[in-house]
Structures are given as structure tokens and as C-alpha cells.
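Worksheet for the structure shown next.
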Amino acid sequence: MKRFFIPAIVLLLCQLLTSCEEIIDINLNDADQRVVIEANITNFPNTQVIYISRTVPFNDARPREVVTDAEVQITGPRNNTFQFVYSDQHQGYINRGFTARENATYSLRVIVDGEVYESTETMPMPVPVDSVGMLRENIFNDTYYFATLRFQDPAGVANYYKYNVSVDDKPFKFFSVFNDKFNDGLYVTHQIGSVDDDIEMTSKVVIRRQSISAAVYRYWNEFQSTNPGSAAPANPTSNISNGALGYFSVSSETVYEFDFSTYQEFSIQDTSE
Amino acid sequence: MMLRIFFALCSLLLFTTVAHAQNRVTLSGFVKNAQSGETMIGAMVRFPDLDISASTNSYGFFSVQVPAGTHQVEVSYIGYNTIFNTIELKQNVQRSFEISNESKEIEEIVISASSRPNQVKSPQMGALKITAEEIKKVPVIFGEPDILKTIQLLPGVATGNEGSSNFFVRGGGGDQNLILLDEAIVYNASHLLGFFSTFNSDAIKDVNLFKGGIPAQYGGRISSVLDINMLDGNQKEFGVEGGIGLIASRVKIDGPIVKDKSSFMVSGRRTYADLFLKLSNDENVNQSKLYFYDLNAKMNYKINDRNTIYLSGYFGKDDLGYSDQFSFDWGNATATLRWNSILNEKLFSNTSLIYSDFTYNVRVNSNDNDFGIASQIQNWNLKQDFTYYGFNNHSIRFGLNALNQTIRPASLSAAENTSVNSITVDTRQGFESAIYASDEWKVSDRFSMIYGLRLTNFMVRGPGTFYDFDDDGEAIGEQQYGSEVVKNYLNLEPRLSMSYLLNGNNSIKASYNRIVQHLHQLTNTTSSLPTDQYVISSVNIKPQIADQVSLGYFQNFANNGYEFSTEIYYKDMRNQIDFRNGADLQANNQLEGELLFGKGRSYGIEWLLRKNRGRLNGWVSYTLAKSERQFDQINGGEWFNARQDRTHDISIVAMYELSKRWTAGATFVYNTGNAITFPSGKYQLDGSTRFYYTERNGYRMPDYHRLDLSVVYEPTPEKKRFSSSWAFGVYNAYNRRNAYIIDFRENEVNPNITEAYKIALFGAIPSVTWNFKF
């Protein structure tokens, strides 16, 4: 619910604040390194990559420390195992023959320096989108563009959705997760894009939509609800054992491409009047 | 059971009234302001040759017993001229005194304005009193005099964020302060996200803050009591006063309805920042709203010499809206009906019926979203208080209190054909009843004490669904209750405060109090928001309990011209509340599963030196303190600093009378930055840098310091009735960029590198206000 009015307040304050921003030096401690596992497995028939790394000090020039000698294995629903091996090209662990299926349960097992990290997830059923569109909004004299996805949310079950977005062929970034707490069973519109994104009339927008589990939703929701005003930021709760950072997700994924320039003639909804 | 004890106590005291009076007589009555007829709270009535004194209660009433005969009596109040009288007392006498703070119209013998001699003698400790005159002199942000900003300059009271009216007393939480406006509980004491308090100082008579040794008549919040009294209204003549400032304008009207029998006061304030939005040519902007207003009103009616009725109320609202797509408003309302009765010259009674609430409403109407969110918290409170002055050297207070607390958590109501569902969350109800008794006892010339007991019973009432949770906060069982008692908490709260006079000018004091709290505010941001959820004690949520001990030394110098005090305290807090990571606090029927319970401790030492007389007035305050929390599920079970933990906190307030027309003021504050959680490493996920956190509140914000200046110019009045003044001020005079937020991000050019940045909220802010009075 806070989503609806915090933006308005923040927008007002931002006008005052941005001029007062300043880069500063802070002496931060170097904590003991922790293992980070990013295992985002989908039903999408392309190469699945599992990334294993360690945390690095805040002032390190590297964004992470890649772990190349981990043992990585996924066990499928019929106890069939898939070994993932390190690939220099991907900077992660791959298995070309592996595809996950809906409703099936998978277990992840990673061994780094003799420590075992484990997790088990079941792929949720996908929720099909039946129409896509675009939206133009005027907020404080600026025009913003959003992609919209409309679909029927299945009634009586908790559904969780995750979106990653790529704008103009830049790498995919996490955009948002949604649940259906306030709109279970309704015809729902998800609006993708934010005032920070530089989506223009001419942008090419690619959206990856995943139906995710409650545990993965929780991980990302904790991440997205942390902001500078939070009382105490913390590491999102991982669904992987033994204190690893990161998550194990097995999801059904659909990709939507929007070429905004071809949309503008016929289907932009305008809310500015 | 509680009622029976109570009535037994009443009849005992009424009976002893008859039995006790022999060759002593009672002088009782009221102390009033000579110009306005306002009753004076905490004024001293003293018999210097007998060394007997009494102070007036919240309604200006006093009663004191002395041997029959002719005595000298002096009446004094902070900043007012002390009056001396000779009074012949053969039998019980009821008499009222009028004192003045204007030097010209005094007929009786006068010494210079008095200070607070009772800070040394009174057994009460941890208490600070501020008068409306003092609040108006201290420079503050935007030139608006503000009670909450002023008390933040006192020792043991810490500020929330920059410009925030949220305050933390002796390491306690922001929701652990009992804020009373004419006895009504004020739930949310701030406007505009905290930059203003809800208290319009035009309508305020005086303010008392209790940080420790909290008297037995107060209960319900474990850290402090802020007791604010509204003006009654001028009994003698009509008056209008007000001010026009850059942010807000105010006006107050008061006067007699029936002279010396009944009077009224109405005071209003409104901001007008939104008027500038109207200038915008963007339709969405010029239809937007951004303002707040306050309305205080009070009237009283004196039925006869022994009975007076007071009716007072407050209503305030903040309104924020963007176009017609979004609106958000919130506010408090309070109403207090009081009946003061002097049952006999030794027994004073007050009966109050009080209502207060806090509501917020959100309306969203954009695209295919059309819904509203409404939340309300309210209480009805019936209080009966007695003060009995019948025993020598004792003044006994006792009473009872019944409070019905209702919380209607935010519920969502959606229009037809919109893409959200309506959600209703169970209303929660609690019934808190209390009886108390306390005795202020002058044991000897040097030793006096206040000892008391408060017995509190809290009933969690149905109907509703209550859940049981496992260690991970997952619901494992639920139980439906009808209109019945779900859970009962009975607690005994002992209170004790003692003083020992070393000589006439210095004393040592010690105190202990236990307080229980049943209403809890859930805040998961650094600044409290109007949308913060409240919960009452329930099956899973145990009442917060605090035990505090403190020890102090008090001394007055130079004939009470200076006063010095130092207090050391230790506070132990049980059943403190925090949240699980990513807690879902909104419209969640299983909210209690998101909560974590732990304990807290805080300790510190406070120094205060005040100068009350002369052209230079003000105070210096310094607090050295620590406040920590411990939760099994947070920070690996280790103790961590509370967010409001500040090692050093210094305030200097100075007001200097340059001439009859010009007065200058300055405030300087310095404090250690709040404890905060910063990352101790980073990693990469989904192609972006993420921060790695290791310990809760293990870092500090940078030190905070600031200087505010003000000048008040009062031209000599041209007409007798009309006076005006100009107040000029600068907030943050040397333009210090204090960090409001510190955050971390990827460098724009090289995303592999991370950087820290800070956002400062306010630079130097000038203000000007024109005040008038006629």
C-alpha cells in the first residue's frame, strides 16, 4: 500500500533534495567473506547459468570475487542429477542439457571449500498474459512511458510475479516483484517501468516475466523494500541453507518485446488528460 | 475488586477529614494570572515563617494546613512577580490570589520575577516545566514556536531526524511517550512528516515533561509523560492575537462569556505552501494539495465557588494530494469534558470524560485503480482523580481510570470493476482500567518523598480471530473469539521519588518507577509516518514493562538566579518490539507473526544549568548516554545500539534582551550521529551490485551540529490596546550540511566501483513572522 503514496511524497522532497547531494568518504569495515549463489533456473530453453561468488570489501575495484572451483549439482523430480561445470565464457556454471518443467521439484546442492549449501524449489504454473500495451503518464510536467501487461490472476491461490527488464539492449536488470494480496482473482494490469528508467518513445524494451515461488518472492520483496529510509537494511532472507547469500529460483518465464516506436500510432493509452 | 478497594479508600479519607481537624486551619483557593484570570499551574503558596508550602495543581487549586493565627504568605510563579500578603486565619479560609508578570501594575510588595525554587525542595525528579512564554522565545525552524522542538533541547530528550518533532526520552522509543493535551492522548504529534508539531503554542498554557520518577497518576507509556495544558481563555477581557509567517498564519481569540464566571478560547493555524502550487500551469500540480491546519478550542463555566466545568478540544488535519488521482489526509481529534469540584477545603475532585482519535485516509483513482484505505485508532477515557490535603505534611492523590482502546487497522475498500479487492482487517479492542494512590509526604524538614502505587488491568477483548505462530512467524493455529475477554494482564506499578535537602539550596534525590505499556507503534522507517500501524497487547504481544532508577543532585545559586541539576539513570525495558526482515505490516491479519520480541536497556547521565533572571536567559544541557536492544533473531542475538542511541548530546539556548525593543536568541545543538546499519561488503546479483550487511546499527551517522539565530523587534505600541512584534530567524545559520540520509550506489561511469553519498535536507533557512495582539 505504501507504494501508492510514498512516490508522491518522495517526488516532492526530491525536488528539494537533489541539489544537496554529495559524495562522501565513509570508513566501512571489511567483513568476513560470504558465499553468494545466484541460481535462476527457468523453463526457457536456453543455457542455464548458476553464478557462484564471494563478497568483496566495499571499496574493492571488483564487483565480486568469482568462485571457479565449486561443485554444483541439481537433482530433478525423478532423482536424475545434472552436474553444472564452470565456464570461463559465462563466468558461471552451466549444463547445456538441462531444462526445468512446470510443477516439478528441483534440489540445488553447491559445495564451496567443503561447505555444503542446499535448497529445494518447485516451479510454479505460469499465468498467461492476454494483452500487452503501453501507457504514457504526465507526472510533475514530465512524461513517462510504461509497458503494461494484462492478465487474469488465478483466484484462490497466492501468485507471485517477478520482472527483469532490458532497455535498448542493455543488460537485464531486476525491476520488481508483485503478489496478488490486493487483487487475487482479478483482471490485473502490471505497469513496468519507473521514473528512474529512461524509457523513451523510441526505446526497445524487453521484459522477462517469471511466475515465482513464495520464498523467491520474499527474497526479492525484501530487497525492493529496502530504501535509504529503512530502519535497518539487512541481507534479504535466502532460501539457500548454511548462510549463503543469494537465492535459488525455479520459475516459468515468458519474454515480451516492446518496440515503443511501432506502438505509438495505435495503442498508447494516455492518462495525461 | 478494584472498585471495592477504591471506595474503601475514599470512605476512609472522607471519614478522617472529620476526625482530624483541630487547631489547624486550612487555606485553600486558586492562583490566577492578574491580567487574564487564567489559573496558574504549579504556582507556590508559601508561609515563610512556618516553612510550610503548597503548589497549585493542574487546575490552579491549592490547599494547605497551618496553625490558626496571623501569617505572612507569599505566592510565586516562574517569571512572575512574587506577592506577599499578611493573612489572618482563624478558621478555614478559601481565597484566591492573583499574580502578574507585568511590572507596572503591582500594588502589593514585589520582589523580582521568581524562578523555580521547588526544583531543589520538591521530591519530584526527572521533571521539567516549560511555560508558553519560554517556548515563544526559543528560535526554531521556519520561525514557528514549537513545544516539541523546545523540549528536544532539554537533557535526556533526543531528536528524531533533522527537523522532526519525534522525540526519544532516555533511550526509549518514539511511541513510549505519553503525550497529553488537556488529558487527552495525542497519538501522532506531528504535521507534514514531522517538521511541525500538532501543538499551536498560542493555545498552550504550560508543559510538563516527566522523564523519571513518573507519578502514579500517569500510566500507559514507559519512557515519559508530556503533559500539555491548554489556556482556559481570558476571564476579564476580549483579546485577539495572531501571527503571519512564511509557512503558516495563526490567530487566537479569547475572552469572557460571563465575566469572571465563564470564558472561551479559540485558536487556529494553517499553512499555505499549497497556494504556490496554484500558480503552476500544470493542471495536475495546481489541483494538488499540501497543507495542514489546527484548531484548538476551550471554554469553561464556573457553576459556583466550588464547581467548574471545562470543555476543550483539538482538531488538526494534514492534507496531501496530487491532481485528482491521489489524496492522503491524516489528523488527530480530541475532546475533554472536565468537572472540577472542591468537595471540601481538603478534598479536591476532578472528573474527566475524554475522547481522542487519529485517522488517516488514502484515496487512489488512476488508470484502473480506484480504491480507498482508511485507518482509525481511538479511545474513550473516563477518569476520576482526587487530591486530599487533610493530613499534616501529606498530600494524597488517588483515583481511577477506565480507558477503552479501539484500533481499526488500515482496510482497503475498492470500487466496482477496479483491479484491487477490498480487504478488511479485524478491529482490535482493549480495555485498560487502573486505580492509583500516591502520597507526597514531608517526613522531616529535610526529607520528603512521593510514594505511590498504580494497579493496571488490561483486557484484550474480542470479537476477532487470534493466531498462534511458530518460531518463523508462520501461523500454526487460529481461534475465533466472540465478545469476550481473550487475554488479561494485571500489573502492579510501584512509584517512588525521594529528596533530601542538604541545605537550603541543594538536595539529593532518588527515584524508582515501573510502568507498563499496552499500545505499541510499529515503525519500520527512520522517520515515523502517519501510516505506522498500532497494535495493542494481545496473546502474542506482551505488555512493554520498564523499570527505571535514577539519582540526582540539585542546586540553586545566586538567590535562585541559576539552577543546576544532574541526574544519572538506568532503565530496563522488557517485551520490546522489532520486525522480521521484509515484514508485511500492511493489511495483514497475521501481523503479529511478523513481530520479534526482545529487551532493552539504557543508561546515562544528564547535566542542566539554567539561568532564569537578568538580561541573559537560557540553559546549557549535556547528556552522556547509551541505549541498547537485544533480540534473539537480530544481530545473532548480540546486544546492539538502538537507532536513537547517541553518546553525546549538547544544547545551548541563550536569549538576550538587547534593549526594551530588541531581543536576540541563539540555539546551538551538537550530538553524536544516530546508530545506523551500513554495508560491510558487496556482491553482485542479477547484474547489479548488492550490499552486504553484517551487524545491526554498527555504524554512526556523522556528528550533527547546528546554530539557529533569532531577533525579535517589538516597537513601542502606538495605541494602548494594540501591540505587534517582528520575529526574524535563521535556521542552521552557518549552513552546515548535516547528513539526512547516507546511501550507497554504483558509480555511474564504472559500475564496478561503489560510492557513498549523503543527502542534506536543509541549508540555512531564513524566516520572518509578524505577530500582533490587541
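What follows is calculated from the coordinates using simple rules that are stated; it is not laboratory data. Predicted model only: the values in this text are computed from it and were never measured. Every residue, glycine as well, gets a Cβ built from its backbone with ideal geometry; the counts of neighbours run over all protein chains shown.
Just counting partner chain Cβ atoms within 10 Å, what average do the residues of peptide B:322-328 show around their Cβ? Before the final figure, lay out the partial values.
Numbers: counts 8, 3, 0, 5, 4, 2, 5.
Mean number of neighbouring Cβ atoms from other chains: 4.
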Cross-link candidates for B:Lys487: which aspartates and glutamates have Cα within less than 16 Å, leaving aside residues fewer than 8 places away along the same chain?
B:Glu432, B:Asp468, B:Glu478, B:Glu592
Grab every C-alpha pair in the protein assembly as shown, bin the distances at 20 angstrom width from 0 up to the longest one, and report whole percents.
11, 40, 32, 13, 3, 0
Residue-by-residue Karplus 3J(HN,Hα) for the range A:171-183, coefficients 6.51, -1.76, 1.60, Hz, glycine and proline x
x, 5, 10, 4, 9, 6, 10, 10, 10, 10, 3, 9, 9
Just to check I understand the Karplus step: with θ = phi - 60° and J = 6.51 cos²θ - 1.76 cosθ + 1.60, what whole-Hz values come out for the range B:598-606, glycine and proline as x?
x, 9, x, 8, 8, 8, x, 9, 10
If R0 = 41 Å, then B:Asp572 and B:Leu311, at their Cβ-Cβ distance, give a FRET efficiency to the nearest 0.05 of 0.50
Given the pairs B:Lys205/B:Lys599; A:Lys162/B:Lys682; B:Lys509/B:Lys599, which span a C-alpha to C-alpha distance of over 30 angstrom in this model?
B:Lys205/B:Lys599
Once the convex hull of the C-alpha atoms of the range B:372-458 is built, how many Å³ does it hold per residue, rounded to a whole number?
106
Using Cα atoms only, what is the angle between the long axis of helix B:2-20 and the major principal axis of chain B, expressed in degrees (0 to 90) to the nearest 10?
20
In nm, give the distance between the simple-model label positions of A:Ala214 and B:Leu492, each being 7 Å from the Cα along the Cα-to-Cβ direction.
4.5
In terms of modelled amide H atoms, which long-range or inter-chain residues lie less than 5 Å from the amide H of B:Ser323?
B:Gln287, B:Ser288, B:Lys289
How far is the Cα center of the range B:130-177 from the Cα center of the range B:391-433, in Å?
27
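Against the empirical 2.2 N^0.38 Å scaling, what ratio does the C-alpha Rg of the range B:501-612 come to? Intermediate results must be reported in sequence, preceding the final value.
Details: Rg = 20.2 Å, N = 112, 2.2 N^0.38 = 13.2 Å.
My calculation over the Cα atoms of the range B:501-612 gives 1.53.
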Please give the calculated 222 nm ellipticity per residue for chain B, where each DSSP H segment of at least 4 residues contributes -39500 (n - 2.57) and the sum is spread over every residue; nearest 500 deg cm²/dmol?
-1500 deg cm²/dmol
For the range A:35-122, convex hull of alpha carbons as volume per residue, Å³
103
Interchain or sequence-distant (5+) residues whose placed amide H lies within less than 5 Å of the amide H of B:Lys487 are B:Val460
Put a dot 7 Å past each Cα toward the Cβ at B:Ser724 and B:Phe772; how far apart are the dots in nm?
0.6
Using square roots of five times the C-alpha gyration tensor eigenvalues, list the equivalent-ellipsoid semi-axes of the range B:224-301 in whole Å, biggest first.
35, 15, 10
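Contour minus end-to-end for B:Ser341 and B:Phe276, with contour as 0.36 nm per residue of separation and end-to-end as the Cα-Cα distance?
Details: separation 65, 0.36 × 65 = 23.40 nm, distance 5.07 nm.
Fully extending the segment from B:Ser341 to B:Phe276 adds 18.3 nm.
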Two-site label geometry, B:Glu416 and B:Asp632: point separation in nm, points 7 Å out along Cα→Cβ
5.2
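Do the alpha carbons of any pairs in B:Lys137/B:Lys660; B:Lys137/B:Lys383; B:Lys136/B:Lys571 sit beyond 23 Å of each other, and which pairs?
Values: B:Lys137/B:Lys660 15 Å; B:Lys137/B:Lys383 35 Å; B:Lys136/B:Lys571 32 Å.
In this structure, B:Lys137/B:Lys383; B:Lys136/B:Lys571 exceed 23 Å between Cα atoms.
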Under the Karplus relation with 6.51, -1.76 and 1.60 and θ = phi - 60°, whole-Hz ³J(HN,Hα) for the range B:688-700, x at Gly and Pro, equal 10, 6, 10, 9, 9, 9, 10, 10, 6, 6, x, 10, 10
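So, R0 is 56 Å and r is the distance between the beta-carbons of A:Asn29 and B:Lys261; what FRET efficiency does that work out to, to 0.05? Walk me through the intermediate numbers first.
On the way: r = 70 Å, r/R0 = 1.25.
Result of the calculation: an efficiency of 0.20.
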If I take R0 = 45 Å and measure r between the Cβ atoms of B:Val749 and B:Leu551 in this structure, what FRET efficiency does the formula 1/(1 + (r/R0)^6) give, to the nearest 0.05?
0.20
Return P(r) of the range B:127-229 (all Cα-Cα pairs; 10 Å bins starting at 0; whole %; ordered from short to long distances).
16, 55, 28, 2
Considering all projection directions equally, how large on average is the shadow of the alpha-carbon convex hull of the range B:230-773, in square nanometres?
33.1
